[in-house]
1. Would you please name the trypsin sites (Lys or Arg not before Pro) within the stretch 32-114 that are DSSP coil residues with at most 10 other C-beta atoms within 10 Å of their C-beta?
2. On the Cα set of the chain, report Rg and Dmax in Å, please.
3. May I ask you to rank 43, 102 by accessible area, largest first, using a 1.4 Å probe over the protein chains only?
4. Taking 0.36 nm per residue of separation and subtracting the Cα-Cα distance, what length does fully extending residue 85 through residue 111 add?
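The values are calculated or read from the model by the stated rules, or taken from the named source; none is laboratory data. The structure displayed is predicted, hence computed values, not measured ones. Note that we place each Cβ from the backbone using ideal geometry, even for glycine, and neighbour counts take in every protein chain shown. Each accessible area value is taken on the protein alone, full model and side chains, heavy atoms only, with ligands, DNA and RNA left out. Shrake-Rupley method; radii C 1.70, N 1.55, O 1.52, S 1.80 Å.
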Amino acid sequence: VQLQASGGGLVQAGGSLRISCRTSGVNNRTATMDWHRQTPGHERELVGTITGDGRADYQDSVKGRFSISRDYARNTIYLQMNSLQPEDTGVYYCHTFYRGNEWWGQGTLVTVSS
């Protein structure tokens, strides 16, 4: 299993950014995938989750602003982030529990300037 996150960058407050996580070795029709983030001075936290059949749920602080989707043909999940705020700055990781093991992508840095 490999998870490869990409698409991070610098964006101004109020802006949008979409990050991606390409998977390999995972059955995307069954695997629940998560996005986590680690913001400065905080523990890593769950941002949101998407099930194999595409149902998504989110942490309260990002509800209405962030959206997770998946493209089965591309073996990729996306995190669309809108109305970004400086407190959203951090390293974003994709993650899954699969076949009894925990897998993390390498993280992609999102920086939101005020």
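1. Here the trypsin sites (Lys or Arg not before Pro) that fit, given the DSSP loop and packing criteria, are 55.
2. 13.2, 42
3. Ranked list, largest accessible area first: 43, 102.
4. Values: separation 26, 0.36 × 26 = 9.36 nm, distance 0.92 nm.
Length difference between fully extended and current span is 8.4 nm.
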